[in-house]
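Here is the structure we will look at, set down as structure tokens.
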Amino acid sequence: MSMNRRRFLHQTGTTTALAMVTAGLRPLAWSDLESARANAKRLQASLEKLSEFGRPSGGTFADGVSRVAYSDADLAGRQYLMGLMKVAGLAPRIDAAGNILGRREGSDASLPPIVFGSHIDSVPNGGNFDGDLGSLAAIEAIHVLQEQGLRTRHALELVVWANEEGVAYGRLLCGSRAAAGRLVEGELDESWEGVTKRDAIRKIGGAPERIEGARRGPFHGYLELHIEQGGTLAKDAVPIGIVEGIVATDRYEVVIRGVANHAGTTTMADRQDAFLAASHLAIAVNQLVRAEAGRQVGTIGRLNVTPNVPNVIPGLVRHSLELRDLSSAKIARLGEAIKTKARAIAESTRTEIEITQTSHDDSALATEAVQTAIEGATRRLQLASRRMPSAAVHDAQIMSRLGPMGMIFVPSVGGISHSPKELTSWEDCANGANVLLQSIVALDSADLG
Ligand code: HGY
Ligand code: MN
Ligand code: MN
């Protein structure tokens with residue numbers, strides 16, 4: 001009997017070992033799992049290929065992707081991804097919310113699964129790494145285990161969340177919220193570009209009529225690899241970030257009503273210019289958010305001016321407002337301060353300003369024991385790491401409501417994201433994939449309480 005086999009039998013018991021031999025899998029020792037490594041070339045090739053779905057026509061990898069959730073490009077990217085999952089030995093299925101799932105059984109059926117993955121929908125004119133890296137590195141992890149015939153104790157569940165970005169329908173983290181039973185009342189009947197969310201979910205293979213079926217059961221731990229999207233790791237040449245917590249996000253819809261009138265004949269004093277009011281409000285948001293210490297941020301990212309022609313004073317403006325911080329209380333307070341200021345701006349510009357909150361995503365702390373397991377993986381791989389907050393929103397924050405959660409960050413060159421210029425070196429991608437794989441291995445033997 002080989003040394004590895006003896007250690008394996010010692011660790012898992014003869015019955016399981018025999019079952020695995022019957023299933024054609026090589027009995028193994030933990031050292032086999034710990035020496036497993038991602039195939040960097042395969043990972044790169046899959047990222048390059050995925051980038052073709054949603055690429056501007058005639059463009060290249062450098063032109064990034066527009067793969068907004070539920071679009072034809074999203075659908076095509078999901079098909080490609082499910083094909084990769086099959087090659088890696090998984091039988092992909094789509095849950096009621098449109099999330100893609102793939103399960104690989106473990107050696108102990110009594111244990112809950114380790115869940116990991118990310119998303120592949122993007123913002124318009126987005127990059128090739130946001131969500132894609134975590135999704136493809138998750139498939140790569142399965143690939144490696146499958147190729148080498150290695151079996152974890154816990155089942156592994158790969159997940160690619162639907163509509164993480166919330167560009168479509170304006171609400172973030174749709175798939176993971178459905179999995180956690182946190183959809184907002186009436187959300188499935190909301191409309192975007194003339195299509196209800198119900199129909200959009202159906203388009204990608206979900207079943208909104210039984211959305212409750214997307215609720216997920218207990219899990220041992222949740223892991224997500226992601227690009228940092230900020231510039232701190234790249235600036236300090238630290239290859240791995242271990243996320244301590246994810247910020248809360250409040251979104252608002254702002255409607256400003258003025259009076260559309262002739263841009264030549266209406267004197268400056270007589271105008272009720274909705275865009276002028278919006279401009280004052282934009283400056284106020286910036287000033288109020290910056291007025292106190294901390295890492296809170298405020299953004300007006302979408303602005304629609306009506307009628308949006310040169311010779312008419314804007315009568316109507318609709319714009320978004322987004323506030324983020326680790327403290328939900330802080331952004332709630334800032335939201336109130338902005339509303340107070342808006343009342344003064346409405347009065348001085350003789351417009352009406354209506355500010356309605358459209359969503360709130362809570363902040364979430366990563367589980368200490370998962371952070372420690374990730375740290376152990378980075379040490380084994382001899383990669384420097386740093387603990388840090390996430391200023392970007394992730395499905396992991398929803399999963400943290402259901403069980404132990406941890407996230408792995410890799411550097412974003414120049415801190416650029418949500419842009420075709422988003423870039424992470426292939427070496428950093430491979431490092432991240434190895435840390436993900438080795439964190440799965442670490443969680444497999446960790447007691448997460
Ligand atoms: O908006 C975000 O923070 C994320 O990239 N979805
Ligand atoms: Mn994003
Ligand atoms: Mn993302």
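The values are calculated or read from the model by the stated rules, or taken from the named source; none is laboratory data. Note that the coordinates shown come from a computational prediction; the quantities given were computed from them, not determined experimentally. Glycine also receives a Cβ, built like all others from the backbone with ideal geometry; neighbour counts cover every protein chain displayed. Side chains are part of the model used for accessible areas, which takes the heavy atoms of the whole protein and leaves out ligands, DNA and RNA. Shrake-Rupley method; radii C 1.70, N 1.55, O 1.52, S 1.80 Å.
General observations
- Shown for region 79-229 is the translational diffusion coefficient from the Stokes-Einstein equation, using the Kirkwood radius over Cα pairs, a temperature of 37 °C and a viscosity of 0.692 mPa s: 206 µm²/s.
- Unit Cα scatterers, Debye sum, region 206-267: log10 I(q)/I(0) for q = 0.12, 0.17, 0.19, 0.25 Å⁻¹: -0.74, -0.93, -1.01, -1.12
- Fraction of antiparallel bridges per DSSP, the chain only, in percent to nearest 5: 65
- Alpha-carbon Rg/Rh ratio, for region 66-134, with Rh computed the Kirkwood way: 1.02
- Solvent exposure ordering (accessible area, 1.4 Å, most first) of 65, 259: 259, 65
- Charge-dipole axis of the chain as Lys and Arg at +1 and Asp and Glu at -1 on Cβ define it, positive-most pick from 445, 71, 268: 445
- Among the listed pairs 235/421; 41/86; 86/197; 197/330; 197/339, those with a Cα-Cα distance over 24 Å are 86/197; 197/330; 197/339.
- Here, region 360-437 has an Rg and a Dmax of 13.5, 39 Å when only alpha carbons are counted.
- For residue 40 and residue 279, the FRET efficiency from 1/(1 + (r/R0)^6), where r spans their Cβ atoms and R0 equals 41 Å, is about 0.25.
- Across 233, 223, 334, mean-square fluctuation computed from a Gaussian network of the chain (C-alpha pairs under 10 Å connected) peaks at 334.
- Summarised as an ellipsoid, region 26-72 has semi-axes of 36, 13, 7 Å, derived from the eigenvalues of the Cα gyration tensor scaled by 5 and square-rooted, with the largest first.
- Directionally averaged projected area (the chain, Cα convex hull): 23.2 nm².
- According to the Kirkwood relation over distinct C-alpha pairs, the hydrodynamic radius of region 172-213 is 10.5 Å.
- Entry for region 231-298 at q = 0.13, 0.22, 0.24, 0.26 Å⁻¹: log10 I(q)/I(0) = -0.65, -1.06, -1.11, -1.16, Debye formula applied to identical alpha-carbon scatterers, no solvent contribution.
- The chain, accessible area per residue, ligands and nucleic acids excluded (1.4 Å, Å²): 42
- Volume per residue for region 317-449 equals 143 cubic angstrom (convex hull of Cα atoms).
- The dipole here belongs to region 322-436: it is taken about the Cα centre, uses +1 on the Cβ of Lys and Arg and -1 on the Cβ of Asp and Glu, and is about 280 debye.
- For a paramagnetic label modelled on residue 262 (point 7 Å from Cα along Cα→Cβ), amide N atoms under 15 Å away belong, within region 292-335, to 311-313.
- Size descriptors for region 194-348 (Cα atoms only): Rg and Dmax, in that order, 21.5, 68 Å.
- Inter-probe distance in nm under a simple model that places probes 7 Å from Cα toward Cβ, at residue 348 and residue 327: 2.7
- Carbon-plus-sulfur accessible fraction, the chain (probe radius 1.4 Å, protein heavy atoms only): 53%.
- Among 52, 375, 193: highest mean-square fluctuation, GNM of the chain, C-alpha pairs under 10 Å: 193
- With viscosity 1.567 mPa s and temperature 4 °C, the Kirkwood radius over alpha carbon pairs of region 310-379 converts through Stokes-Einstein to a diffusion coefficient of 81 µm²/s.
- Shape summary of region 99-163, radius of gyration then Dmax from alpha carbon positions: 13.4, 45 Å.
- Against the rule of thumb 2.2 N^0.38 Å, how large the Cα Rg of region 404-449 comes out: 1.45
- Between residue 79 and residue 189, the contour length at 0.36 nm per residue exceeds the alpha carbon distance by 37.0 nm.
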